[in-house]
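> Input: one structure, supplied below.
The values are calculated or read from the model by the stated rules, or taken from the named source; none is laboratory data. This is a predicted model, so every value here is computed, not measured. Please note: Cβ atoms are built from the backbone with ideal geometry, for glycine as well, and neighbour counts cover all protein chains shown.
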Amino acid sequence: MAEFDINLGEVKFKPPLTPGDYTFAILKASVEQAKEPNKRSGEREWMIKAELKPLEVEGYVVFHIWSLSQAALEVENPAISLKKLYQLANWPVGDKINSDDLLSFKIVGHTKLESFNGRLNPKLETILSVTT
């Protein structure tokens, strides 16, 4: 039998981030390739995974993904389309991007709660504005 030195009586539950409007700093932005092929294109699409920190409250991070698939880039919603996000930020849109550009963005967005594996997680639902 294994024993662990953990006092479960000292564990405090942390509620999920309350849905609402927040200003986010982007802490990390990394480029990754999907593990599975896209159902429509058949390709393992590239994406940018980002960690967003709400500036109004301490101790929370919202994880967000911008797909670099052609279909996602053509959407008019900056929470989905990286091109639309860059346009909203008045950032130059050219034939190359650098994920580090995102680290200078401040995003004002609206969050909602989404259930994932029985746990409520905050999700960036809408981007209201972007500044750099």
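Every residue, every condition in (1) in contact with a helix residue (DSSP H, G or I) (Cβ under 9 Å, 6 or more places away or on another chain); (2) within 26 Å of F116 (Cα to Cα); (3) among the basic types (K, R), yes or no:
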residue	(1), (2), (3)
N38	yes, yes, no
W46	no, yes, no
E51	no, yes, no
L73	yes, yes, no
I80	yes, yes, no
K84	yes, no, yes
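> If you go through region 43-57 one residue at a time, how many are without any contact (Cβ under 8 Å) to a residue 60 or more places away in the chain and either farther than 16 Å from S69 by Cβ or assigned to a loop (DSSP other than H, G, I, E, B) (or both)? Walk me through it before giving the result.
Taking region 43-57 first, the residues without any contact (Cβ under 8 Å) to a residue 60 or more places away in the chain are 43-51, 53-57.
Now drop any that are not either farther than 16 Å from S69 by Cβ or assigned to a loop (DSSP other than H, G, I, E, B) (or both), which leaves 43-45, 50-51, 53-57.
So the answer is 10.
> Considering each of A2, A72, A29 in turn, give the residue that is modelled with pLDDT of 95 or more and of a type in the set (A, V, I, L, M). If you could, list the steps in order and put the result at the bottom.
Working: A2 fails: modelled with pLDDT of 95 or more; A72 fails: modelled with pLDDT of 95 or more.
That would be A29, the only listed residue that is modelled with pLDDT of 95 or more and of a type in the set (A, V, I, L, M).
> Has region 31-42 got at least one residue that is more than 22 Å from P19 (Cβ to Cβ), among the charged types (D, E, K, R) and in a strand (DSSP E or B)? Give the steps one after another, and end with the answer.
Taking region 31-42 and keeping what is more than 22 Å from P19 (Cβ to Cβ), we get 31-42.
Then drop every residue that is not among the charged types (D, E, K, R), which leaves 32, 35-36, 39-40.
Filter once more, so that each one left must be in a strand (DSSP E or B): 32.
Within region 31-42, one or more residues are more than 22 Å from P19 (Cβ to Cβ), among the charged types (D, E, K, R) and in a strand (DSSP E or B).
> Only residues that are at pLDDT 95 or above, surrounded by 15 or more Cβ atoms within 10 Å (Cβ to Cβ) and not aliphatic (A, V, I, L, M): list them for region 41-61, please.
If the condition is that a residue be at pLDDT 95 or above, surrounded by 15 or more Cβ atoms within 10 Å (Cβ to Cβ) and not aliphatic (A, V, I, L, M), then E51, K53, P54, Y60 are the ones that fit.
> Tell me which residues, restricted to region 84-132, are among the β-branched types (V, I, T) and free of Cβ contacts under 8 Å to residues at least 60 places away in the same chain.
Start the filter on region 84-132 by keeping residues that are among the β-branched types (V, I, T), which leaves 93, 97, 107-108, 111, 126-127, 130-132.
The answer is V93, I97, T126, I127, V130, T131, T132.
> If you go through region 4-18 one residue at a time, do you hit one that is part of a loop (DSSP other than H, G, I, E, B) and in contact with a Lys or Arg (Cβ under 7 Å, 6 or more places away or on another chain)? Talk me through it step by step, then tell me what you get.
Within region 4-18, the first condition is being part of a loop (DSSP other than H, G, I, E, B), and the residues that meet it are 4-7, 11-18.
Of the ones still in play, those that are also in contact with a Lys or Arg (Cβ under 7 Å, 6 or more places away or on another chain) are none.
Checked region 4-18: no residue is part of a loop (DSSP other than H, G, I, E, B) and in contact with a Lys or Arg (Cβ under 7 Å, 6 or more places away or on another chain).
Here's the yes/no breakdown for (1) polar (S, T, N, Q); (2) assigned to a loop (DSSP other than H, G, I, E, B); (3) within 16 Å of the chain's Cα centre (by Cα); (4) surrounded by 13 or more Cβ atoms within 10 Å (Cβ to Cβ):
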site	(1), (2), (3), (4)
F63	no, no, yes, yes
W66	no, no, yes, yes
E76	no, yes, no, no
N90	yes, yes, no, no
L103	no, no, yes, yes
